[in-house]
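The values are calculated or read from the model by the stated rules, or taken from the named source; none is laboratory data. Owing to the predicted nature of the structure, the values given are computational and were not obtained by experimental measurement. Surface accessibility is based on the protein's heavy atoms, side chains included, excluding ligands, DNA and RNA. Shrake-Rupley method; radii C 1.70, N 1.55, O 1.52, S 1.80 Å.
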Amino acid sequence: MKVLILFYSTWGHMHKMAQAAAEGASRVEGAQVDIKRIPETLSEEVLAKMGATEAQKAFSHIPVAEVKDLKEYDAILFGVPTR
């Protein structure tokens, strides 16, 4: 079973939750778990004004998902903040 953990995070909180979800899903025998990010909607300028640029560096190595990726998975777990 292929599982995608798909998250959006400004400050890194949802990234940590995505990591925890991936850890748990990986414990299921036969599960292949991937983590991908939802594309950023805020400009670099806005992120800098918010002070979020440094926080986002912690998960910048995680690939950004594309719509075409979604059909490759049997299950998708979404991690999104309240905004």
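Helix 13-26 and the longest principal axis of the C-alpha atoms of the chain enclose an angle of approximately 10°. Accessible surface for the stretch 1-73, divided over its residues, is 63 Å² per residue with a 1.4 Å probe. Please report the carbon-and-sulfur percent of the accessible area for the chain; probe 1.4 Å, protein heavy atoms only, DNA, RNA and ligands left out. Looking at the chain in its full context, I get 57 percent from C and S.
The figure for Leu77 is an accessible area of roughly 80 square angstrom, using a 1.4 Å probe on the protein chains alone.
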